[in-house]
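Engineer: Before anything else, here's the structure in question.
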Amino acid sequence: MSTRRTSRKSTSAQHAMSTPDAMIDMHGVVKTFRNAAGEFTVLKGVDLTINRGEFVSIVGKSGSGKSTLLNMITGIDHPTDGRVVIGGMDIYTNVTESQRSKWRGRNLGIVFQFFQLMPMLTLLENVMLPMDYAELYDFDERPKRAMEMLELVGLEKFANKLPILVSTGQQQLAAIARALACEPPLLVADEPTGNLDTRSANTIIDLFEELARRGKTVVMVTHDPSLTSRTTRNIIIADGELINETVAKALPWLRHRHMMEFTKIAETQIYPAKTTIISRDGHVENFFMIHKGEVEVVLLDRRKQETVISRLKPGEFFGEIELLRGGRSIANVRAGADGPVEVLTIRREDFKRVMDQSPITMDAVGKIVQERLDAHRAADSRKFRPFSLFRRRQ
Ligand SMILES: Nc1ncnc2c1ncn2[C@@H]1O[C@H](COP(=O)(O)OP(=O)(O)OP(=O)(O)O)[C@@H](O)[C@H]1O
Ligand SMILES: [Mg+2]
């Protein structure tokens, strides 16, 4: 087979080299807390690249390390090991605490769950505070700029009110206006909607979306799975380690512990354009998840005429029909014509073992298998008229 095995462990965009597009670049970040009870490693070697203009959510169980991870990005805490580069600057190497604090004031907007507005100051004064701290903009210019920020979040009418006189949703909007005061390229938010009702939460997410559209990078920790569908990318942290994003996208029904298992055992394979990955009637020994590129699912008729019946994209999977229904492929699957395809593979026995332990995933995958088999039969009977055999997942 003309494949190239690139590594034992899976690699992904998470491990990409630092590029000019990268806003956040973390390499091998470890955080260990030491106290009287001993040592506790909360981040176990995190590699993460987030590009400019991305709107990224970070989810994970309570205690999995989400806030600790954000604190590494904001420079509020420092890693025990590893490197953190934000906007091209290595924020922990040869940088003093006070330099970092100054850098933070000018480059980062931070939003917390409990707003942390100054209760004795009006919303306008709250928004002006970071400009004072960072000593940015002329003194006379600051109220006007603060007002612009309040307009951006729709609070101009409340500028002279104290925080207690506006709703909690509006307090959070004011906190976002404050975070934007010094026009930072990066906005970091820890559970920004955790204390809000659904409607206010949606307003906040609308605002983040708009900011990302305008080129800001937004990174948000959340507990709310309904919000992750609104972000351009979702990162799952489990027990201080990041789950491979392709695994999470392909099999969202899996428990985090199983996603992590697949993250660790998945192998990356690259197939050059047009090479066969699975041939019809051949034995299938792997479950495949597409990481980059496209594959084509091809049927051949008796005269060996081929029809591309489906194209699968990153985050989609194949091979499962054969693994769950007994061994042989019902179609040819090959790398798309436009370029190489990078897939993550899980060996048959590992896939089956995890499926056996995960009835919900088995059920969901089983439904897709059934749809594909039905569609395949229909294709056969319709002499391969093009149609979508494989359901597209988002
Ligand atoms: N300063 C500290 N000293 C010791 N342990 C800490 C410290 N900060 C965090 N931890 C521990 O690290 C683990 C991860 O904490 P972290 O706050 O990052 O979790 P989280 O994912 O943000 O959880 P939550 O969803 O509850 O906010 C927890 O077990 C926590 O008790
Ligand atoms: Mg937290």
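What follows is calculated from the coordinates using simple rules that are stated; it is not laboratory data. The structure presented is a predicted model; accordingly, all values stated were derived computationally and were not measured. Because the Cβ atoms are built from the backbone with ideal geometry, glycine has one as well, and the counts that use them run over all protein chains shown.
Engineer: How would you order 30-36, 235-241, 147-153 from highest to lowest mean count of nearby Cβ atoms within 10 Å?
Structural biologist: 235-241, 147-153, 30-36
Engineer: Let me ask something else. Name the residue from Leu227, Asn332, Ile205 whose Cα lies farthest towards the positive end of the charge dipole of the chain, charges +1 on Cβ of Lys and Arg and -1 on Cβ of Asp and Glu.
Structural biologist: Asn332
Engineer: Follow-up question, since we're still on this one. Arranged from highest to lowest average of other beta-carbon atoms within 10 Å per residue, in what order do the peptides 188-198, 132-142 appear?
Structural biologist: On the way: 188-198: 19.9, 132-142: 13.5.
By packing density, highest mean first, the sequence is 188-198, 132-142.
Engineer: Taking N as the number of residues in the range 70-118, what is its Cα Rg relative to 2.2 N^0.38 Å? Walk me through the numbers on the way to the answer.
Structural biologist: Numbers: Rg = 11.5 Å, N = 49, 2.2 N^0.38 = 9.7 Å.
That works out to 1.19 for the range 70-118.
Engineer: Could I ask something else about it? Residue separation times 0.36 nm, minus the C-alpha to C-alpha distance between Thr41 and Arg199: what's the value? Intermediate results must be reported in sequence, preceding the final value.
Structural biologist: Working: separation 158, 0.36 × 158 = 56.88 nm, distance 3.72 nm.
Length difference between fully extended and current span is 53.2 nm.
Engineer: Sorted by mean Cβ packing within 10 Å, highest first, what order do the peptides 78-90, 175-187 take?
Structural biologist: Highest mean packing first, the order is 175-187, 78-90.
Engineer: State, to one decimal in nm, how far the label point of Leu162 lies from the label point of Asp281, with both points 7 Å from Cα in the Cβ direction.
Structural biologist: 8.3
Engineer: Please work out the C-alpha center-to-center distance from the range 331-380 to the range 202-269 and express it in whole Å.
Structural biologist: 22
Engineer: Stretch Glu148-Arg255 to full length: gain in nm at 0.36 nm per residue minus the Cα-Cα span?
Structural biologist: Full extension of this stretch gives 34.1 nm more.
Engineer: In nm, to one decimal, how far is the Asp338 label point from the Lys102 one, both placed 7 Å along Cα→Cβ?
Structural biologist: Using points 7 Å along Cα→Cβ, the separation is 4.7 nm.
Engineer: Let me ask something additional. Apply the a/c threshold of 1.5 to the C-alpha gyration tensor of the range 10-242 and tell me whether it is rounded, prolate or oblate.
Structural biologist: prolate
Engineer: Which three extents, in whole angstrom, do the alpha-carbon atoms of the chain cover along their principal axes, largest first?
Structural biologist: 81, 47, 37
Engineer: How big is D for the range 322-382, in µm² s⁻¹ as a whole number, if Stokes-Einstein is applied with the Kirkwood radius of its Cα pairs at 10 °C and 1.306 mPa s?
Structural biologist: It comes out at roughly 116 µm²/s.
Engineer: Could you tell me which of rounded, prolate or oblate describes the range 163-283, using a ≥ b ≥ c as the square roots of the eigenvalues of the alpha-carbon gyration tensor, with rounded for a/c under 1.5 and, failing that, prolate when a/b is larger than b/c and oblate otherwise?
Structural biologist: The shape class here is prolate.
Engineer: Also, quick follow-up: Given the options Val84, Asn35, Leu162, identify the residue whose Cα lies farthest towards the positive end of the charge dipole of the chain (+1 on Cβ of Lys, Arg; -1 on Cβ of Asp, Glu).
Structural biologist: Val84
Engineer: Determine, from the Cβ-Cβ distance of Ile76 and Asp374 and an R0 of 51 Å, the FRET efficiency 1/(1 + (r/R0)^6), rounded to the nearest 0.05.
Structural biologist: Efficiency, rounded to the nearest 0.05: 0.45.
Engineer: Rounded if a/c is under 1.5, else prolate if a/b beats b/c, else oblate: with a ≥ b ≥ c from the C-alpha gyration tensor eigenvalues square-rooted, which is the range 104-221?
Structural biologist: oblate
Engineer: If R₀ is 30 angstrom, what is the calculated FRET efficiency for the pair Leu121 and Asp206, using the beta carbon separation as r and rounding to 0.05?
Structural biologist: 0.70
Engineer: Return one quarter of the surface area of the convex hull spanned by the alpha-carbon atoms of the range 265-381, equal to its mean projected area, in nm².
Structural biologist: 7.0
Engineer: If R0 is 51 Å, what FRET efficiency do you get for Gln305 and Asn94 from their C-beta distance, rounded to 0.05?
Structural biologist: Numbers: r = 65 Å, r/R0 = 1.28.
Once rounded, the FRET efficiency stands at 0.20.
Engineer: If I stretch the segment between Gln357 and Phe114 completely, what's the gain in nm (0.36 nm per residue apart, minus their alpha carbon distance), one decimal?
Structural biologist: Computed gain between Gln357 and Phe114 is 83.6 nm.
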